[in-house]
1. Against the conditions (1) more than 12 Å from every other protein chain (Cβ to nearest Cβ); (2) of a type in the set (Ser, Thr, Tyr); (3) in contact with a helix residue (DSSP H, G or I) (Cβ under 7 Å, 6 or more places away or on another chain), where does B:Ser96 fall short? Just the number, please.
2. Residues to consider are A:Ile106, A:Ile122, A:Ile133; find the one that is assigned to a helix (DSSP H, G or I), surrounded by 11 or more Cβ atoms within 10 Å (Cβ to Cβ) and under 20 Å from the mean Cα position of the chain (by Cα).
3. Going by the structure shown, is A:Leu194 in contact (Cβ under 8 Å) with a residue 40 or more places away in the chain and either within 14 Å of chain B (Cβ to nearest Cβ) or more than 24 Å from A:Gly77 (Cβ to Cβ) (or both)?
4. Restricting to the stretch B:177-187, name every residue that is assigned to a helix (DSSP H, G or I) and surrounded by 22 or more Cβ atoms within 10 Å (Cβ to Cβ).
5. I'd like the full set of residues that are at the interface with chain B (Cβ under 9 Å from one of its Cβ atoms) and either crowded, with 17+ Cβ neighbours inside 10 Å or not small (Gly, Ala, Ser) (or both), limited to the stretch A:154-168.
6. Is it fair to say A:Gly130 is away from chain B (no Cβ under 12 Å) and without any contact (Cβ under 8 Å) to a residue 40 or more places away in the chain?
7. Kindly establish whether A:Leu44 is touching a Cys at 6+ places or on another chain (Cβ under 8 Å) and either loosely packed, with under 14 Cβ neighbours inside 10 Å or not in a helix (DSSP H, G or I) (or both).
Amino acid sequence: MKKFLFSAPLKERTLFLLSWASPVIIVFLWETYCRFGLIGPEILPPPSTVLLAAITLTKNGALLPDLGVSLTRAATGWCIGASIGFLLGLIVGFSSIAKAVLDRSIQMLRAVPFLALLPLVIVWFGVGEGQKIFLVALGVSFPVYINTTLGIRQLDPKLLEMGSTQRLTTYETIRRIIFPGALPSILMGVRYSLATAWLALVIAETIGASAGIGFLALDAREFLQTDVIVLTIVIYAVIGVCADAVARFLERRLLAWHPNYAPKGC
Amino acid sequence: MEIPGGEQQTPAVVAVQGLVRTYGPKVVLNKLHLRIRKGEFVALLGESGCGKTTLLRVLAGLDPIQGGTIQTSGTLAVVFQEHRLLPWENLWRNVSLGLRCGPAKEKAAKALEEVGLGDRLDDWPRNLSGGQAQRVAIARALVQEPALLLLDEPFASLDALTRIKMHKLLLSLIAAHKPGVLLVTHDVLESIVLADRILIMRDGCIVKEYVVNDYADKRTVQVDVFEALGFAGGGSPY
């Protein structure tokens, strides 16, 4: 028992190091293969070249404005889509009439892969900002909607009964019972929607853009700058990981009461 | 209305007349009469399905009625069989749920102190044992200063020793706050230990009534109550 207690953090640390070992090895092999000419630079540039491209583009002021444009698009689209999804989810979650009226149509729309709407969206909005923000908002609203309704419907009716015997007002019931009860599910939707937002943005920006990370990639394709193309892919990946980390941080902070998210030793 | 036994001297916290509750074709409460005086502890016994929990739910406003009248005076609080604490709120916030006037945290702290959990104000419900959680539920009910306290088998899921401790705690709390109490229970001994008056319910009506203090020996009331529940000739079913 004692031995186990002492070795537990050590084991955890070993596993943590091990989990980082494979990506490091892959990057190392990638660099080596490129250096020895086993992979041509027009196919895949070595990581060092990609890093160099990042530094050059940052220095000449091309990268950061484009990154800002992409992030703004994603944030705007996400806020719009999440608000719509959340509000619809609340309405449908609370009212069985609203559910009867809206839910089937929304579920049918959801069955359409939202990226399949792209040609139609381009007809509506052209290839401007509207098209990109709309696509992101569309992709985001569904996971938020579904998880919000789910969270509200999964609430324990016994807690609502208790709330009514404590004479809570409607507002108090929502704030102290319904919203916190639905929050784990809502945050799951948020986490999923961040991934969708990013995916939608990549697609939208690759169709046509005059600024943004996608534009950077398209522009680089014209000149066969594989290092910049790979750099944009890496940036998409890094931002995706960051968004997920933010969502997880929110879960840990807001769901501290939840046994699944509880800090250890509590 | 004339009620024998001089009961009109103390005001009723709840007076129920000809209460009818149907569920489809089934009549769950059949023209039921009930009156609980201020500070009186009434236990409701009966077989499963006799309508005693339905009566409590109707009084709590959780179920609709199809006939009769309910007159209540003052506030009402319920303790259910499950603690029904909000897992996302700490203990003092759970206890202060629904409190509007006055300093909520101080009141909740005092109520938790009374049930012996004064040092756990900021703890989460998940860290409590079954008995502790039920004590918080009692604190949440009593902090409302109810005129009528409804208890729906609040100790049924606790172990025997914890239950005895809870009986003692409940009696001391009742003595301090003096609400009228309606306790729904399956446990004859529990009803004798706690209640002033024991009502036997059958087929949606109250069919018998025992005033515990009328008996010099509490074992006699036990015999009578068991008999009324269908265990004739013995004091105990064993």
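1. Of (1) more than 12 Å from every other protein chain (Cβ to nearest Cβ); (2) of a type in the set (Ser, Thr, Tyr); (3) in contact with a helix residue (DSSP H, G or I) (Cβ under 7 Å, 6 or more places away or on another chain), only one is false for B:Ser96: (1).
2. Values: A:Ile106 fails: under 20 Å from the mean Cα position of the chain (by Cα); A:Ile122 fails: under 20 Å from the mean Cα position of the chain (by Cα).
After ruling out the rest, the residue left standing is A:Ile133.
3. On the way: in contact (Cβ under 8 Å) with a residue 40 or more places away in the chain: yes; either within 14 Å of chain B (Cβ to nearest Cβ) or more than 24 Å from A:Gly77 (Cβ to Cβ) (or both): no.
No.
4. Taking the stretch B:177-187 first, the residues assigned to a helix (DSSP H, G or I) are B:177.
Across the stretch B:177-187, there are no qualifying residues.
5. Step one: of the stretch A:154-168, the residues at the interface with chain B (Cβ under 9 Å from one of its Cβ atoms) are A:156, A:158-159, A:161-168.
The answer is A:Asp156, A:Lys158, A:Leu159, A:Glu161, A:Met162, A:Gly163, A:Thr165, A:Gln166, A:Arg167, A:Leu168.
6. Working: away from chain B (no Cβ under 12 Å): yes; without any contact (Cβ under 8 Å) to a residue 40 or more places away in the chain: yes.
For A:Gly130, the condition - away from chain B (no Cβ under 12 Å) and without any contact (Cβ under 8 Å) to a residue 40 or more places away in the chain - is met.
7. Working: touching a Cys at 6+ places or on another chain (Cβ under 8 Å): yes; either loosely packed, with under 14 Cβ neighbours inside 10 Å or not in a helix (DSSP H, G or I) (or both): yes.
The answer is yes for A:Leu44.
This table checks each residue for (1) within 14 Å of chain B (Cβ to nearest Cβ); (2) of a type in the set (A, V, I, L, M); (3) assigned to a loop (DSSP other than H, G, I, E, B); (4) free of Cβ contacts under 8 Å to residues at least 60 places away in the same chain.
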{"residue": "A:Tyr171", "(1), (2), (3), (4)": "yes, no, no, yes"}
{"residue": "A:Ile174", "(1), (2), (3), (4)": "yes, yes, no, yes"}
{"residue": "A:Phe179", "(1), (2), (3), (4)": "yes, no, no, yes"}
{"residue": "A:Leu183", "(1), (2), (3), (4)": "yes, yes, no, no"}
{"residue": "A:Val190", "(1), (2), (3), (4)": "no, yes, no, no"}
{"residue": "A:Val202", "(1), (2), (3), (4)": "no, yes, no, yes"}
{"residue": "A:Ser210", "(1), (2), (3), (4)": "no, no, yes, yes"}
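The values are calculated or read from the model by the stated rules, or taken from the named source; none is laboratory data. Just so it is clear, the structure is predicted and the values come from calculations on it, not from any experiment. Positions of Cβ are generated from backbone atoms using ideal geometry, with glycine treated the same way; all protein chains shown enter the neighbour counts.
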